[in-house]
Amino acid sequence: MLQLENVDAGYGGFQALFGASMQVNAGEAVAVIGANGAGKTTLLRVISGLLPATGGRMVMEGKDLRSMPAHKITEAGIAHVPESRRLFPRLSVEDNLRMGAFIPAARAAFGERLDYVYGLFPRLKERRTQLAGTLSGGEQQMCAIARALMSRPKLVLLDEPSMGLAPVIVQQVFELVRRIRSEGYTVLIVEQNVRQVLKVVDRAYLLEVGRMAAGGTAAELAASDEIRRAYMGL
């Protein structure tokens, strides 16, 4: 579904990704793990078109992502749930969901998609008139994921979904990831909580200082002594 080959990217004179290569197959959940500052958020921003790649190749179902503006990448089927959720705090839950359905195909099916995400997340239906900024952390993450699903994406990008949340809420967030997996979505998630994320994905890549340092099944990375010592405190 998604393939990256030797992708470079950065900010001004600072290079954050060096020849990053990876792939995500349809129906998979794939994680990119690594320390803070490794380039994980940059990787997702490049895939969704928020930051231009400076080198390499990115293809989604045969389409060249590097040649597309960000809104066309969304129309191609990629939905990005950004770090810190980035909801519109003074808009209601339902208006935030409406913002996720801005592409023409999603606008035409707004009612259908709204019923779908309310069926998936009944608590959001209960809170539909509540200002998004007044939701709990877990509910805000739920709303951010639901907003992404409003566009009927083929691939969902999740950027550090457990960041800043209490441990009990972290468990709820990873349950949300399991739930959207069970609905058949393809997921690419970047996450510092290595121990938890390897329980919910099929494969993972290790990103270190902008370079892909390792890759394999979730079980293989979870069993790696180096990763267990460096990222799981074991």
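The values are calculated or read from the model by the stated rules, or taken from the named source; none is laboratory data. For clarity, every value in this text was computed on a predicted model and none was experimentally measured. Glycine also receives a Cβ, built like all others from the backbone with ideal geometry; neighbour counts cover every protein chain displayed.
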Exercise. How many residues, within the range 161-192, are surrounded by 20 or more Cβ atoms within 10 Å (Cβ to Cβ), touching a residue at least 60 places away in the same chain (Cβ under 8 Å) and either out of contact with any helix residue (DSSP H, G or I) (no Cβ under 7 Å at 6 or more places or on another chain) or of a type in the set (G, A, S) (or both)?
Worked result: 3
Exercise. Out of all the residues in the range 79-86, is one or more surrounded by 21 or more Cβ atoms within 10 Å (Cβ to Cβ), in contact with a Gly (Cβ under 7 Å, 6 or more places away or on another chain) and part of a loop (DSSP other than H, G, I, E, B)?
Worked result: no
For this session: State whether the residues of the range 110-118 include one that is farther than 20 Å from R179 by Cβ, in a helix (DSSP H, G or I) and touching a helix residue (DSSP H, G or I) at 6+ places or on another chain (Cβ under 9 Å).
Result: yes
For this session: Could you tell me which numbered condition E94 fails, if it satisfies all but one of (1) surrounded by fewer than 22 Cβ atoms within 10 Å (Cβ to Cβ); (2) part of a helix (DSSP H, G or I); (3) modelled with pLDDT under 90?
Result: (3)
Exercise. Just for strands (runs of 3 or more DSSP E) wholly inside the range 1-57: which have at least 1 residues that are under 11 Å from V190 (Cα atoms) and either over 16 Å from the mean Cα position of the chain (by Cα) or outside the structural domain of P161 (by TED's automatic domain parsing) (or both)?
Worked result: none
Exercise. Name the residues in the range 80-120 that are in contact with a Cys (Cβ under 8 Å, 6 or more places away or on another chain) and under 19 Å from V187 (Cβ atoms), would you?
Worked result: R85
Exercise. Does D225 count as surrounded by fewer than 23 Cβ atoms within 10 Å (Cβ to Cβ) and within 22 Å of I47 (Cα to Cα)?
Worked result: no
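Rundown of residues vs (1) more than 25 Å from S162 (Cβ to Cβ); (2) free of Cβ contacts under 8 Å to residues at least 60 places away in the same chain, yes/no style:
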| site | (1), (2) |
| --- | --- |
| L43 | no, no |
| L51 | no, yes |
| V59 | yes, yes |
| P69 | yes, yes |
| T74 | no, no |
| A79 | no, no |
| L87 | no, no |
| L91 | no, yes |
| F102 | yes, yes |
For this session: Kindly indicate which of G133, G216 is in contact (Cβ under 8 Å) with a residue 12 or more places away in the chain and either among the aromatic types (F, W, Y) or farther than 21 Å from P82 by Cα (or both).
Result: G216
Exercise. For the range 111-131, which residues satisfy the criterion of being surrounded by fewer than 12 Cβ atoms within 10 Å (Cβ to Cβ) and of a type in the set (S, T, N, Q)?
Worked result: T129
Seminar exercise, completed: Picking from V209, V201, the residue that is surrounded by fewer than 16 Cβ atoms within 10 Å (Cβ to Cβ) and closer than 19 Å to G39 by Cβ would be V209
Problem set entry | Residue match in the range 88-105 (condition: in the same structural domain as R128 (by TED's automatic domain parsing), among the small types (G, A, S) and within 19 Å of the chain's Cα centre (by Cα)) | yes
Problem set entry | Candidates L158, L188, L149, L165, filtered to the one that is of a type outside the set (D, E) and outside the structural domain of L2 (by TED's automatic domain parsing) | L149
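Each row is one residue, and each column tells you yes or no for (1) within 24 Å of S48 (Cα to Cα); (2) hydrophobic (A, V, I, L, M, F, W, C).
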residue	(1), (2)
M60	yes, yes
A76	yes, yes
P82	yes, no
R86	yes, no
F102	yes, yes
E112	no, no
L120	no, yes
Q130	no, no
For this session: Have a look at R85, R57, R128, R123 and point out the one that is touching a Pro at 6+ places or on another chain (Cβ under 9 Å) and basic (K, R).
Result: R85
